[in-house]
Structure formats: C-alpha cells, structure tokens
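For reference, the structure is listed below as structure tokens.
The values are calculated or read from the model by the stated rules, or taken from the named source; none is laboratory data. This is a predicted model, so every value here is computed, not measured. Counting neighbours? That spans all protein chains shown, and the Cβs are built from the backbone with ideal geometry, glycine included.
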Amino acid sequence: MLKAGRADEVLMSTTIGARRAGGYADRRYRDGLKNWRSRTRLLSAAFFSPMILLGIAGLFAHTHALVWLAGCLAGAGATAWGVVRDSPPEYVEHWREGAEGERRTERALGALGPGWLVAHDVEARYGNYDHIIVGPAGVFLLDTKKPSGTVTICDGVPYVRRRMDGERAVRDVSMRTRVLAAAASLKEDIQRRSGRRLWVQAVVVIWGDFLPGVHEDEQCVFIHGPRLADWIEAQPNKLSASAAASVASAVEAIAAGKPSQQAMRPVTV
C-alpha cells in the first residue's frame, strides 16, 4: 500500500493481488476450448476413427507398400483429429491471444519506477479490469489488446487492417467504448470507497502494429505496448501523497474483492 507522507517523499512501487495478468482471459479460453472439444468429439470420432482403424488393420498386410500406405492413413487420421481438437473458433482463440497480451503488459509495467501501485486481472461488476495503476500522476485503467493486424486511429476511432485482408480496414468502436465504460465504473467504485472524486484515465495498450505509437484525446489514450512505461512515467503529478494513499487503499480493497462500505461524501482531488 502507498503510505501518506511528505509531498516529496519517495513512495515504493507495489504490485497487489494474487492474480496474474491475463487470468480472466485465460479462463475464458480454457472454457471455450473445453466446450469446443466436447461439441466436436462425436463428429471427429465418426469421421476420423474409420481412417485410423483401417490404417491399423492395414499394418498386418503382407506387402510393404500396403503397410506403408496403412501407416500413412492411420497417421493422417490421428493428426487431423488432433488438429480439429485444438482448433477452436476464432472468438475462442482471441481469448488466448488476449491473455498473452495482458502478460506482456504486466512485464512492461514492471519497468515503472517507485511510487506506483499496480493491480492485474481485478474482478469487476461486468468482466474484469485488465490493469489498474495508481501513482502521483493519478489513476489509470488499462485495457490490453492484441489485434491480428495494423491499428490506425481516425477521429478517435480505431481501425484494424487485418493481415489477411490488407485492402480493408475494419472499424472497431468497441476497443474505445469498453475501456471508457470500465474507467467510468472504476471511478465510481473508488469514489464510493474513498470519498474522492477523481478522473480515471482510460488507456488502450496495443501489442501489434500501431502506426501512431501514441494517440491521446480528451477521454482516451491508445499506446503501443513497448512505450507504455515511459509514457506513464512522463505524466505530470496530480495527486498528493495523502490522496494517492487513500485511492490506493480503495484499489487494494477492490482488488481483494472486499464489499464497499456506505458511500462517502465525495471530495474532488
């Protein structure tokens, strides 16, 4: 926890919570993969089992050519079954990629200097908060994205040009709206617990091709993952030591899943 003290006191950085970054996304991926395997089990068995059984039976043939062919047939059937089993739909695979991206953000935040509190994979009313950061520069809500393509920003809206469809950029409004909604939810929760009314900066962390590198507007920031720690460190101080400690206590309670107490009278910081 960040402790209150003199305004010029050095605060030690802290990572709170037992959860690793990407835990929520990883659980969603594992659940999706389990459901996919369950749904395809009978169909795969009906389609690939005859190939495998015929291949095994052919191993007892008397000619080398037939034995070789049987081995190929059995191997092809077993391989194809395994590929189908571990090839879930794209939306399930996105959860795995999301978990990998969040762990990369976790490693990037390890480069922050003293004075920061970091929490990963914090349970929220709807889903989770990928990363919460509290420090002298304020509160930041980070949402990690690992898109399969190049991201550009036009009028504050992200567009993704898929690697397999280089001629067409897809408008992805949800990348912005989701992090703004999460930041607003976190702001309310912190205020309810600490009594402090403050701005929670929404940040989308992009691991992939992001041509601008950094894009900032009045509400949201989009930033390339490798530039994250330096950008945070460069933000101007907004919270006093006592305010940072109060907000950090609220975030610790949120990360620990503690129920909020009676709403406190808000104080603007």
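Structure notes:
- Hits in the range 80-97 (condition: part of a helix (DSSP H, G or I) and surrounded by 13 or more Cβ atoms within 10 Å (Cβ to Cβ)): 80, 81, 84, 85, 92, 93, 94, 95, 96, 97
- Annotation for the range 61-75: at least one member residue is surrounded by 14 or more Cβ atoms within 10 Å (Cβ to Cβ), at pLDDT 70 or above and farther than 30 Å from residue 118 by Cβ.
- Residue 176 vs. criteria within 16 Å of residue 155 (Cα to Cα), of a type outside the set (Ser, Thr, Tyr), in a helix (DSSP H, G or I) and modelled with pLDDT of 90 or more: yes
- The set of residues from the range 106-123 being among the small types (Gly, Ala, Ser) and buried (at least 19 other Cβ atoms within 10 Å of the Cβ) comprises 108, 115, 119.
- Being more than 15 Å from the chain's Cα centre (by Cα) and of a type outside the set (A, V, I, L, M, F, W, C) holds for only one residue in 147, 136, and it is 136.
- All positions within the range 187-199 that are more than 18 Å from residue 218 (Cβ to Cβ) and either hydrophobic (A, V, I, L, M, F, W, C) or not assigned by TED's automatic domain parsing to the domain that holds residue 133 (or both): 190
- Verdict on residue 243 being of a type in the set (Gly, Ala, Ser), in the same structural domain as residue 158 (by TED's automatic domain parsing) and at pLDDT below 90: yes
- The range 150-183 - residue that is under 17 Å from the mean Cα position of the chain (by Cα) and farther than 18 Å from residue 212 by Cα and, of those, surrounded by the fewest Cβ atoms within 10 Å (Cβ to Cβ): 174
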